[in-house]
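The values are calculated or read from the model by the stated rules, or taken from the named source; none is laboratory data. Please read these numbers as outputs of a predicted model, since none were measured by experiment. Virtual Cβ from ideal backbone geometry, glycine too; neighbours counted across all protein chains shown. Ligands, DNA and RNA are excluded from the accessible area calculation, which covers all protein heavy atoms including side chains. Shrake-Rupley method; radii C 1.70, N 1.55, O 1.52, S 1.80 Å.
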Amino acid sequence: MVVYSSIHSGWVVLYKHELDMEDERINKEDVNISFDFDGTLNTKRGLEVFKKLKEEGYNLRVTTTRRELDKNQDLWKLCDELGISNVVFTNLNHKWDYLYNSDIHIDNDPKELKLISQYAFATPLLITDEDFYDKLNKTLDGF
């Protein structure tokens, strides 16, 4: 196993780059996957991906730039239907600073994903990519 250290927001973070799969396996419920809401989770593709990952046992949440004090009735309705209890509102701030506990973030905004790739440890995935499913599967295989 190779361990690298990196500094992010003043914290030293150790994370595993390679795993000896005979010695240690990561449980799917330990893999944290974040979904944007608008244009991602509330789309046909987003719902399909979410339901499949939930069925497989991954730990799923929503991270949205929406403001928490707004009504957000559509968000709460869908989250209730999908059994999502973990929702993070960034209150119009960029998402990268709110993904400290996410391994993967799925979004439809290339600008947000670029910032995430620069400043967060989460792997950013663009849901509208032609090869999204291949990228998602390759990323999940890395765990």
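Descriptive notes on the structure:
- Protein heavy-atom surface of segment 89-143, 1.4 angstrom probe: 47% of the accessible area is carbon and sulfur, with nucleic acids and ligands not counted.
- In the full protein context, segment 60-102 carries 64 Å² of accessible surface per residue, based on a 1.4 Å probe and ignoring ligands, DNA and RNA.
- Cα-Cα over 26 Å, subset of Lys28/Lys51; Lys71/Lys114; Lys77/Lys114; Lys114/Lys138; Lys54/Lys77: Lys71/Lys114; Lys77/Lys114
- Placing a label point 7 Å from the Cα of Leu115 along the Cα-to-Cβ line, the residues of segment 40-76 whose backbone N sits under 19 Å from it are 40-41, 62-70.
- Note on exposure: Tyr100, Tyr119 ranked by accessible area (1.4 Å probe, complete protein assembly) read Tyr100, Tyr119, with the most exposed listed first.
- Quotient of the Cα radius of gyration of segment 75-139 and 2.2 N^0.38 Å, N being its number of residues: 1.17.
- Partner lysines whose Cα lies under 20 Å from the Cα of Lys111, excluding those fewer than 8 positions away in the same chain, are identified as Lys95, Lys135.
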